[in-house]
Amino acid sequence: MWQPTVQKSKFNSLCEFRPILAGVCGVCIGLINEVLSMDTPIWLQAIIGSCIVTIGEFVSGCILNLWLGLGIWDYSNMPFNILGQICLPFSLLWVVLSACAIVIDDYERYWFFGEEKPYYRWKFKEKK
């Protein structure tokens, strides 16, 4: 089994960047239903969420790891990686986690803010 290398550096104790990235990605994933209709299939929403996370991880990894040399993470030993900053196995994991985040966000909005009760589709809505 492949495992990503998480390098411990002096910068990890000063400031953790991963929770910041996770928070930004979480907010963006939560906004998917604000931009797209609730009729958008959940699998498509999850793929969009995965793309958000993967792009955020790649951009922040290129800046923090490659440019600034902080060495926060390194996926070089993972299959199908790009510059050691992103890899296919984790992008697929983000699809599953994004679907969970979408459902949690939708129900939080329903319970706490009185928004529309969430419903999910697996297929595109039939045109009449």
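Annotations
- Isotropic mean projected area of the C-alpha convex hull, the chain (nm²): 9.9 nm²
- The longest part of the chain holding none of the exposed loop GluC sites (Glu not before Pro), meaning those outside H, G, I, E and B in DSSP with at most 10 other Cβ atoms within 10 Å, is 1-115.
- Nearest-0.05 FRET efficiency for Trp43 and Phe112, computed from C-beta distance (R0 22 Å): 0.25
- Against the main long axis of the alpha-carbon atoms of the chain, helix 18-30 sits at an angle near 20°.
- For Asn65, net neighbour charge (Lys/Arg +1, Asp/Glu -1) across residues whose Cβ lies under 13 Å away: -1
- Compared with the dominant principal axis of the Cα atoms in the chain, helix 88-113 is inclined by about 50°.
- Neighbourhood net charge (12 Å Cβ-Cβ; Lys/Arg +1, Asp/Glu -1) for Val27: -2
- Between the residues Ala99, Leu44, Phe80, the greatest Cα displacement towards the positive end of the dipole of the stretch 18-128, with unit charges on the Cβ of Lys, Arg, Asp and Glu, is found for Leu44.
- Inter-probe distance in nm under a simple model that places probes 7 Å from Cα toward Cβ, at Val24 and Phe80: 2.5 nm
- Computed about the Cα centre, the dipole magnitude for the chain is approximately 240 debye when only Lys and Arg (+1) and Asp and Glu (-1) carry charge, each at its Cβ.
- Think of it as helices only: each DSSP H run of n ≥ 4 in the chain is worth -39500 (n - 2.57), and spread over all residues that comes to -17000 deg cm²/dmol at 222 nm.
- Residues in the stretch 23-66 average 43 Å² of solvent-accessible surface per residue, probe 1.4 Å, ligands and nucleic acids excluded.
The values are calculated or read from the model by the stated rules, or taken from the named source; none is laboratory data. Remember, predicted model here, so these are calculated numbers, not experimental data. Don't worry about glycine lacking a Cβ; one is built from the backbone with ideal geometry, like all the others, and counts go over all protein chains shown. Each accessible area value is taken on the protein alone, full model and side chains, heavy atoms only, with ligands, DNA and RNA left out. Shrake-Rupley method; radii C 1.70, N 1.55, O 1.52, S 1.80 Å.
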